[in-house]
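> Pasting a structure here, questions to come.
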Amino acid sequence: MSERSGAAPSGVRLPDGAVVRACLFDVFGTVVDWYRSVTSELTEFGARRGIDGVDWAQFTLEWRGLYQPALDDVRTGRRPWVPLDVLHREGLVQLVARHDVGGLSEVDLDHLARVWHRLDPWPDAVAGLTRLKAGTVIAPCSNGNVSLIVAMAKRAGLPWDAVLGAEIARAYKPQPEA
């Protein structure tokens with residue numbers, strides 16, 4: 001049966017005879033270009049708002065730099081499990097204060113925190129995933145929450161067969177539960 005008829009892909013046979021039936025992917029940095037996407041949107045937002053004196057590329061790097069420590073707080077139990085969207089917004093609020101970016105409303109903060117939902121894929125990502133999808137089931141295995149991964153996939157045209165997110169296991173990679 002073909003995939004068109006609704007049958008599951010039969011898998012891809014490797015040289016050693018093993019059959020790969022599913023491929024799970026890290027997303028941030030692997031499938032999408034978070035740095036360019038976030039920096040570009042923050043730069044455009046700052047220009048529209050007349051926010052001067054902020055190095056948005058550095059801001060982006062600092063924001064991503066808060067990622068692992070925030071995940072570690074959850075992984076170690078120092079704080080209860082929360083979706084990545086919450087951690088992204090908390091990091092943004094920290095950096096807005098650190099960089100003295102004033103005049104942002106709660107709506108602005110919510111919009112900017114969700115920039116992680118609007119990341120652009122690497123130029124070859126959609127074509128590569130589409131090729132793999134012909135013979136296997138493809139899905140993200142990401143620390144992102146399901147709504148984040150779905151929004152990103154819809155915007156970027158990522159052809160996932162299924163969407164997995166950290167809240168399913170309530171654990172962040174590399175925890176085995178994730």
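The values are calculated or read from the model by the stated rules, or taken from the named source; none is laboratory data. Note that the coordinates shown come from a computational prediction; the quantities given were computed from them, not determined experimentally. Counting neighbours? That spans all protein chains shown, and the Cβs are built from the backbone with ideal geometry, glycine included. The protein model used for the area step is the full one, side chains on, heavy atoms only, and it has no ligands, DNA or RNA in it. Shrake-Rupley method; radii C 1.70, N 1.55, O 1.52, S 1.80 Å.
> Being closer than 23 Å to A113 by Cβ and outside any helix (DSSP H, G or I) is the filter; apply it to region 161-178 and report the residue that is most open to solvent (accessible area, probe 1.4 Å).
Restricting to residues being closer than 23 Å to A113 by Cβ and outside any helix (DSSP H, G or I), the top hit is R170.
> Would you check if there is a residue in region 93-110 being polar (S, T, N, Q) and surrounded by 17 or more Cβ atoms within 10 Å (Cβ to Cβ)?
No, there is no match, as no residue in region 93-110 is polar (S, T, N, Q) and surrounded by 17 or more Cβ atoms within 10 Å (Cβ to Cβ).
> List pairs: first residue in region 147-168 and under 15 Å from V126 (Cβ atoms) and modelled with pLDDT of 95 or more, second residue polar (S, T, N, Q) and surrounded by fewer than 20 Cβ atoms within 10 Å (Cβ to Cβ) anywhere in the structure, Cβ distance under 7 angstrom, at least six positions apart or on different chains.
Taking only residues 6 or more apart or on different chains, the pairs are P159/T130.
> Also, quick follow-up: Only residues that are of a type in the set (V, I, T) and either modelled with pLDDT under 95 or open to solvent by 30 Å² or more (accessible area, probe 1.4 Å) (or both): list them for region 28-55, please.
Those that are of a type in the set (V, I, T) and either modelled with pLDDT under 95 or open to solvent by 30 Å² or more (accessible area, probe 1.4 Å) (or both): T30, T43, I51.
> Could you count how many residues in region 77-106 are of a type in the set (D, E) and over 17 Å from Y67 (Cα atoms)?
2
> Can you report the number of residues in region 14-72 which are under 17 Å from L148 (Cα atoms) and in a loop (DSSP other than H, G, I, E, B)?
The number of residues fulfilling the criteria is 6.
> Check off (1) open to solvent by 70 Å² or more (accessible area, probe 1.4 Å); (2) in contact with a helix residue (DSSP H, G or I) (Cβ under 6 Å, 6 or more places away or on another chain) for P121 and give me the number that stays unchecked.
Unmet condition: (1).
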